[in-house]
1. Would you please list the contacts, defined by Cβ atoms under 6 Å and residues six or more apart or on different chains, that run from a residue in the stretch 42-54 that is closer than 15 Å to Gly104 by Cα to a residue that is acidic (Asp, Glu) and assigned to a strand (DSSP E or B)?
2. With respect to Asn115, is the statement that it is exposed (fewer than 13 other Cβ atoms within 10 Å of the Cβ) and closer than 14 Å to Lys28 by Cβ true?
3. Tally the residues that are outside any helix (DSSP H, G or I) and either within 12 Å of Ile36 (Cα to Cα) or in contact with a strand residue (DSSP E or B) (Cβ under 7 Å, 6 or more places away or on another chain) (or both), restricting the search to the stretch 92-117.
4. Within the stretch 44-102, can you find the residues that are more than 22 Å from Glu24 (Cα to Cα), crowded, with 17+ Cβ neighbours inside 10 Å and in contact with a Gly (Cβ under 8 Å, 6 or more places away or on another chain)?
Amino acid sequence: MKKSFFTLLITLVFSQFILADVKENEVKINYLLEAINQSKGTFIRAGETYPATKAYDHIKRKYRLGMLNPFSPSKEEWTAEFFIDNVASKSSSTGEDYLIEEDGKRMKMKEWLDNKLKTINKN
């Protein structure tokens, strides 16, 4: 009885840490999505340009579909870095990088999002 209670207690404690990590990553991913939505930049995907709101819609849809996909990693593995690398920075069908043009500068979405993530990780 004591052994099973101890095992249950340890499981509950560790599950709280896992849930906290999942919640923290969800907050970071939502921050990145909102940064896209609020951007004044032009997004470039497959050679076409799009306003921020269209990029936001597209990437948020990819994120939701990825979370629902039974072949996707577990929820615990969906870090902000995973989101950037596997959802928000390139085409899942062609592997072509997404780009953003902002203030006359063009850069890869990965670089842009990594910079945004650095900002929130400092806080």
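What follows is calculated from the coordinates using simple rules that are stated; it is not laboratory data. Here the structure is a predicted model, which is why all the values come from computation and not from measurement. Every residue, glycine among them, receives a Cβ derived from its backbone with ideal geometry; neighbour counts consider all protein chains shown.
1. Qualifying pairs under 6 Å: Thr42/Glu101.
2. Considered against the rule, which asks whether it is exposed (fewer than 13 other Cβ atoms within 10 Å of the Cβ) and closer than 14 Å to Lys28 by Cβ, Asn115 comes out as yes.
3. 10
4. Within the stretch 44-102, Ala52, Ile100 meet the criteria.
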